[in-house]
Amino acid sequence: MHRLVIAFRAFFALLFQGKLPEDIVSELGLSLRPAPAPAAPPKPAAPPKPEIKPADGALQLLGILQREARILDFFMEDIAPYTDDQVGAAARDVHEKTRDVLVRHFALAPVIDAVEGSVATPPEGDLALVKYVGNVPATGKPGAGTLRHRGWKATAASLPQLNSRQNLTVLAPAEIEVE
């Protein structure tokens, strides 16, 4: 009968307390081992850094231009049925808003800061700064010539931080009006 009492006490002690009482441990001739130190919780793995591809910046800029200047709506619309006055009015609005986006996100400067039509000398250094047109010699670097286009270069760019959860392929979500 004594064994039955020990069994019940051991069962309920383990069930409710998670350990055997010391008197049962000594009666059964067992020894207590020290409880293992709680393991430190594993550090959560750092989320993988989002991979930013060159196309992401292009899609981001196109999305900004659509959101703020409706540039895709303008260029993807068939303008044949509209009058020149209607197209001109729309173009003026798109032009103004697109310019605002460019000024806000980019520092732009002319490649050659001179009046178009004047004589200009190409800047030294980067060959990509100038595109030669007209009667260009086959060999050697041409010298001065008539400036037909000043060119543009970006001296700084500041687009918003990309969000890894953002779907950059959605340039403008569809809009549904609920009544």
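3J(HN,Hα) couplings calculated from phi for segment 118-132 with the Karplus curve 6.51 cos²θ - 1.76 cosθ + 1.60 (θ = phi - 60°) are, in sequence order, 8, 7, 9, 9, x, x, 6, x, 4, 5, 6, 6, 10, 10, 8 Hz; Gly and Pro show x. Toward the positive end of the charge dipole of the chain, with +1 on the Cβ of Lys and Arg and -1 on the Cβ of Asp and Glu, the farthest Cα among Leu28, Val115, Val130 is that of Leu28. Any chance you could give the angle, 0 to 90 degrees and rounded to 10, that helix 2-16 forms with the longest Cα principal axis of the chain? The angle comes out near 20 degrees.
Measuring nothing but how far apart in sequence close Cα pairs (under 8 Å, 6+ apart) lie, relative to its length, the chain scores a relative contact order of 23 percent.
If R0 is taken as 41 Å, the Cβ-Cβ distance between Glu124 and Gln86 corresponds to a FRET efficiency of 0.30.
Extension gain for His2 to Ala174 (0.36 nm times residue separation, less C-alpha to C-alpha distance): 54.0 nm.
In a DSSP loop and with at most 13 other Cβ atoms within 10 Å, the GluC sites (Glu not before Pro) in segment 59-159 are Glu77, Glu116, Glu124. Using just its DSSP H runs of length 4 or more, each adding -39500 (n - 2.57), the chain gives a mean residue ellipticity at 222 nm of -11500 deg cm²/dmol after division by all residues. To the nearest ten degrees, helix 54-69 and the longest principal axis of the Cα atoms of the chain are 70 degrees apart.
Counting only alpha carbon atoms, the long axis of helix 84-105 and the longest principal axis of the chain meet at about 60°.
Values (1) 77, 28, 12; (2) 33, 22, 13; (3) 26, 20, 15 are given for comparison; semi-axes √(5λ) of the Cα gyration tensor in Å, derived from the coordinates here, is the one labelled (1).
A short reminder: the numbers here are calculations on the coordinates, not readings from a lab. Everything numeric here is computed off the predicted structure, so don't read it as measured data. Neighbour counts are summed over all protein chains in view; Cβ atoms, including those assigned to glycine, are modelled from backbone coordinates with ideal geometry.
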